[in-house]
Amino acid sequence: MEQRTLGKQGLAVSALGLGCMGMSEFYGPGDEAESIATIDRALELGITLLDTADVYGPYTNEELVGRTIRGRRDRVIIATKFGIVRRADDPAYRGVSGKPEYVRQSCEGSLKRLGIDTIDLYYLHRVDPDTPIEETVGAMARLIEEGKVRYIGLSEAAPATVRRAHAVHPIAAVQNEYSLGTREPEDALLPTCRELGIGIVAYSPLGRGFLTGAIRRFEDFAADDFRRNVPRFQGANFQKNLDLVEKIRELAAAKGATASQLALRWVLDQGQDIVPIPGTKRRQYLEENVGALDVNLTREDHAAIDALMPRGAVSGARYSEAGMRAVGR
């Protein structure tokens, strides 16, 4: 598979990664056997970047990834995250901590659950407004000095925060939601990262599955699927956005591709410094996603896509009100 480099420090990864979150939580019921088979198939297809976090499950997703890669550590780049705090006694609770002592505590826990000695790419999942980013990144840098982490990254950080963090220690990658339906990173985040030589990891490059065209009704979301609480999938927004996806599906069909493949190819074409990590827990969709690498979009195709789904066309916020307050700090 095509390789791309995240950051000036030289972290080489497959052009497509695999987001593992949905295997354990948030997108309806899971199937552990199929999830393991999906990771196995990803490695067979040449995917090297596996993305997880301590908050997924919580904790169980790292354990699942760790069990699955055992004996094949040299074939994978493990990216995990810390900073979102959950409580066993309150499943709905979400806090944020970037305190130096929490950085170390979280890293030790992730290493144990993953069953590895070193995390390849360690992200701050959300910026802690009560802890200076310099203190958090300084603690992360010490983990590199100790050999527990190879590279560090940030997730959903404001451009100014990225700049401050990078001044403390080189940041290899910034992870942010980026897709045909979420293009805000183009305003300032992408230019800042490119100025500083930082890679972009695009999560939800398929618009949390909506750009696949497979979701036709709000009722298609399982009862415990968190997308039921996302404004862009609620009320009139749902149908407005579905109409946009239908146009993309028709254009993709004319290219002999699926809507998913066209949407992923679009993200891939935005720059060699961008690595999408579409998430799936099924081999069928994994293989479809990898097929995006064989899709060729011409300049005319890109113009047509922009005309059908221009910036700002998607209706509704990408997170709940509380979720939006936690991003872009």
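Taking the criterion of being closer than 20 Å to ALA92 by Cβ and surrounded by fewer than 22 Cβ atoms within 10 Å (Cβ to Cβ), the residues of the stretch 205-226 that qualify are PHE221, ALA222, ALA223, ASP224, ASP225, PHE226.
Go through the stretch 19-42 residue by residue and tally those that are assigned to a loop (DSSP other than H, G, I, E, B) and surrounded by 22 or more Cβ atoms within 10 Å (Cβ to Cβ). Result for the stretch 19-42: 2. Scanning the stretch 144-161 for residues that are acidic (Asp, Glu) and either within 24 Å of LEU64 (Cβ to Cβ) or crowded, with 20+ Cβ neighbours inside 10 Å (or both) yields a single hit, GLU156. The selection criterion, being among the aromatic types (Phe, Trp, Tyr), farther than 23 Å from GLY197 by Cβ and either touching a Leu at 6+ places or on another chain (Cβ under 7 Å) or part of a loop (DSSP other than H, G, I, E, B) (or both), does not hold for TYR93. Apart from one condition, ASP128 fits all of (1) touching a helix residue (DSSP H, G or I) at 6+ places or on another chain (Cβ under 9 Å); (2) on the phi > 0 side of the Ramachandran plot; the exception is (2). Screening the stretch 1-18 for residues that are within 17 Å of the chain's Cα centre (by Cα) and among the polar types (S, T, N, Q) and picking the one that is surrounded by the fewest Cβ atoms within 10 Å (Cβ to Cβ) gives THR5.
Picking from residues in the stretch 53-74 that are without any contact (Cβ under 8 Å) to a residue 40 or more places away in the chain and among the hydroxyl-bearing types (Ser, Thr, Tyr), the one that is surrounded by the fewest Cβ atoms within 10 Å (Cβ to Cβ) is THR60. Among the residues making up the stretch 109-122, those that are free of Cβ contacts under 8 Å to residues at least 40 places away in the same chain and either over 22 Å from the mean Cα position of the chain (by Cα) or surrounded by fewer than 16 Cβ atoms within 10 Å (Cβ to Cβ) (or both) are LYS112, ASP117. None of ALA141, ALA165 is surrounded by fewer than 20 Cβ atoms within 10 Å (Cβ to Cβ), part of a helix (DSSP H, G or I), of a type in the set (A, V, I, L, M) and touching a helix residue (DSSP H, G or I) at 6+ places or on another chain (Cβ under 7 Å) except ALA141. Restricting the stretch 203-249 to residues that are basic (Lys, Arg) and part of a loop (DSSP other than H, G, I, E, B) leaves a set whose member that is modelled with the highest pLDDT is ARG208.
Within the stretch 175-199, track down each residue that is in contact with a helix residue (DSSP H, G or I) (Cβ under 6 Å, 6 or more places away or on another chain) and outside any helix (DSSP H, G or I). If the condition is that a residue be in contact with a helix residue (DSSP H, G or I) (Cβ under 6 Å, 6 or more places away or on another chain) and outside any helix (DSSP H, G or I), then ASN176, TYR178, LEU180, ALA188 are the ones that fit. I'd like to know if the stretch 147-160 contains one or more residues that are under 22 Å from the mean Cα position of the chain (by Cα), among the aromatic types (Phe, Trp, Tyr), farther than 29 Å from SER320 by Cβ and not in a helix (DSSP H, G or I). Checking the stretch 147-160: at least one residue is under 22 Å from the mean Cα position of the chain (by Cα), among the aromatic types (Phe, Trp, Tyr), farther than 29 Å from SER320 by Cβ and not in a helix (DSSP H, G or I). Condition test on GLY256, is it farther than 27 Å from ASP40 by Cβ, in contact (Cβ under 8 Å) with a residue 60 or more places away in the chain and assigned to a loop (DSSP other than H, G, I, E, B)? In short, no. Of all residues in the stretch 45-96, those being over 21 Å from ASP117 (Cβ atoms), among the aromatic types (Phe, Trp, Tyr) and at pLDDT 95 or above number 1.
Scanning the stretch 2-11 turns up no residue that is at pLDDT 95 or above and assigned to a helix (DSSP H, G or I). Within the stretch 76-94, take every residue that is in contact with a Ser or Thr (Cβ under 7 Å, 6 or more places away or on another chain) and surrounded by fewer than 24 Cβ atoms within 10 Å (Cβ to Cβ) and give me the one that is farthest from CYS20 (Cα to Cα). Among them, the one singled out is VAL85.
The values are calculated or read from the model by the stated rules, or taken from the named source; none is laboratory data. The model shown is predicted, which means the values in this text are computed figures rather than measured ones. Neighbour counts are summed over all protein chains in view; Cβ atoms, including those assigned to glycine, are modelled from backbone coordinates with ideal geometry.
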